[in-house]
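I have placed the structure first, in the form of structure tokens, so that the comments after it can refer back to it.
What follows draws every value from the coordinates through simple rules; no lab data is involved. Note that the structure is a prediction, hence the values are computed from the model and not measured. Virtual Cβ from ideal backbone geometry, glycine too; neighbours counted across all protein chains shown.
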Amino acid sequence: MENDKLIIEKVVVNGQEQICLKGTIDEDTDFSSLLKENGPMVLNLSGVTGINSLGIRGWVNFWKEQAGKKVFYVECPPVIVRQMSMIPSFTGTAEVVSVFAPYICDHCETEELVLVRSDEFSATPPQIKETFSCSKCQAGEMELDGGPNQYFAFRKK
Ligand SMILES: [Zn+2]
């Protein structure tokens, strides 16, 4: 896993600066480059491929100390969303802008990630596609893995 260490880099998307995190968050992850940021931070988490228990602890502690900063999470992958739903302090004071929802075909088990924005997942019930036809096998229906109530449990009550 040596070459899957977390990389933190800045990109500009549609004129907006985003901080992209790519790779695995673990006990060796160094978040200190984020301390230089003064303004609101837009964290694009789409490249995060894994997080272990020590990575979760490091993440939660880091953001606890940064509680005064404005932070946005965009394009959260399922590996991050599952932590947000299980551990409320994982999100801390950050605002979740968009997340990827994992759909699985009930026929061929193809997986597809669908981006869901906060105005969609914050609605009650979440305004998401319940099912859609699988474009690969053309026979099955794509369904949200685990169901919406479980997947979107991170939503602020
Ligand atoms: Zn299919």
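Determine the percent antiparallel among the DSSP beta bridges restricted to region 1-147, to the nearest 5. Let's see the in-between values first.
On the way: 20 of 34 bridges.
Counting only bridges with both partners in region 1-147, antiparallel ones make up about 60 percent.
If I take every Cα pair under 8 Å that is 6 or more residues apart in the chain, average their sequence separation and divide by the length, what percent do I get for the relative contact order? Don't jump to the answer; show the numbers that get you there.
Working: 275 pairs, mean separation 25.3, N = 157.
The value is 16 percent.
Mind scanning 5/64; 10/64; 5/136 and naming the pairs with a C-alpha gap bigger than 29 Å? Display every interim value, and only then the final one.
On the way: 5/64 23 Å; 10/64 22 Å; 5/136 33 Å.
Beyond 29 Å between Cα atoms: 5/136.
State to the nearest 20 debye the size of the charge dipole of region 1-96 about its Cα centre, where the only charges are +1 on K and R beta carbons and -1 on D and E beta carbons. Can you show the working numbers first?
Working: 9 positive and 12 negative charges, 59 e Å.
Using only the charged Cβ atoms, the result is roughly 280 debye.
If each DSSP helix of 4+ residues adds -39,500 (n - 2.57) and the sum is divided by the residues in the chain, what number results at 222 nm, nearest 500 deg cm²/dmol?
Numbers: 5 runs with 34 residues, N = 157.
Value at 222 nm, helices only, nearest 500: -5500 deg cm²/dmol.
Be a star and scan region 108-122 for residues whose amide nitrogen sits under 19 Å from the point 7 Å along the Cα-to-Cβ vector of residue 11.
Under 19 Å, as judged by backbone N against the label point of residue 11, lie 113-117 of region 108-122.
R0 = 22 Å: FRET efficiency of residue 32 with residue 89, Cβ-based, nearest 0.05? Write down the numbers at each step before the final one.
Numbers: r = 20 Å, r/R0 = 0.93.
Efficiency, from the Cβ-Cβ distance: 0.60.
Give the list, by residue number, of cysteines in the chain with no other Cys Cβ closer than 4.7 Å, or say none.
20, 76, each lacking another Cys Cβ under 4.7 Å.
Would you grab the residues whose amide H sits under 5 Å from the one on residue 72? Only those 5+ places off in sequence or on another chain, please, with H modelled 1.01 Å from N.
Counting only residues 5 or more places away or on other chains, the set is 41, 42, 43, 95.
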